[in-house]
Amino acid sequence: MHYLKEWIVTHQNMFKGLFATIAILMGLMVLADWLIMPLYTQHGRERELPDVTEMSMAEARSLLIDNGFDIVVEKSVYDATYPESTVVQQNPAAYSRVKNGRRVYVTLSAGEKLVQIPHVIGKSERDAEFTLKQSGLLLGDVYYEYHDYHLRGVVSDQSIHASLEVTENTSIDITVSLGREPHRFLVPDVVGKSFEDARKIILKSGLEIGSISFVVKREYVPDTVIEQSLKSGSEVNQGSAIDLVVSRLESMLWQ
């Protein structure tokens, strides 16, 4: 016991110094956690994020940098609503409170999507419509003309040349060949057909639609052809017109 007491007395100052060192280190750690680290991370210095949507990229960049933020383009998307290089979305959201120096990710408009017009001359009407649809386009008006080169039922012309670029959902008109022009034309039977179907059949036959009159016939579906002026199966000259009588509901006659 005597030797133990002497050893404790001898090393007492050393223990005091060790405890003091530990206390100082712990104090420094607390100081670093509460003072130095907040300064480094800018903890507690949050700012309201401005709204940069619907701004150009240049305007958005300038505003964010002036307010102490960074800007990163995350992606571009086709958007017909906004011009190209306009900010359409931002993350974090506008007016949220974030730290200074925070990166703001934006999505830019790539403008309207342009598609290349396909070549449909030489295709059937159905194939042409399918090809246009596959390219993001619409089939517009369909015209029928006699053609010495293209066979009957084949597209002989298109309203916009192939390989040009247009916006999506643009309508492309086509002309379909009726084959070689005959000397005489057979009158088709369109009675009982809808008016739209009758119109197509008459035009495909190389004839014209004459006057159209409407009558109330409750036994027929509205817009049904119930009479035609030229007898079906008869031969007539090119360009002859067929007058039609079409059924309507009584209320539709006044529209």
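Readers should treat all values here as calculations from the given coordinates under stated rules, not as data from a laboratory. The shown structure was predicted, so the numbers you read here are calculated from the model rather than taken from an experiment. Counting neighbours? That spans all protein chains shown, and the Cβs are built from the backbone with ideal geometry, glycine included.
With a Förster radius of 45 Å applied to the C-beta separation of ARG184 and ILE160, the computed FRET efficiency comes to 0.80. Computed from label points 7 Å out along Cα-Cβ, the spacing between ARG47 and ARG126 is 6.5 nm. On full extension, the segment bounded by ILE212 and LYS231 gains 5.2 nm, given 0.36 nm per residue less the C-alpha separation. Subtracting the Cα-Cα distance of TYR105 and GLU250 from 0.36 nm times their residue separation leaves 46.1 nm of extension gain.
Each label was represented as a point 7 Å from its Cα along the Cα-to-Cβ direction; for SER135 and SER76 these points are 2.3 nm apart. Distance between the 7 Å Cα→Cβ label points at GLU59 and ARG97: 2.8 nm. Work through the residues other than ARG180 whose Cβ is under 15 Å from its Cβ and net out their charges, Lys, Arg +1 and Asp, Glu -1. Residues near ARG180 contribute 0 overall. Residue-wise HN-Hα couplings along segment 97-103, as the Karplus relation 6.51 cos²θ - 1.76 cosθ + 1.60 with θ = phi - 60° gives them from phi, are 9, 9, 6, 4, x, 5, 7 Hz; Gly and Pro carry x. When DSSP beta bridges are restricted to pairs lying wholly in segment 114-177, around 55% turn out antiparallel. In sequence order, segment 220-230 has phi-based couplings of 10, 5, x, 6, 9, 6, 10, 8, 9, 6, 9 Hz under the Karplus curve 6.51 cos²θ - 1.76 cosθ + 1.60, θ = phi - 60°, and Gly or Pro positions carry x. Between their Cα atoms, which of LYS133/LYS231; LYS113/LYS200; LYS133/LYS217; LYS75/LYS99; LYS133/LYS204 are more than 28 Å away from each other? Violating the 28 Å limit, Cα to Cα: LYS133/LYS231; LYS113/LYS200; LYS133/LYS217.
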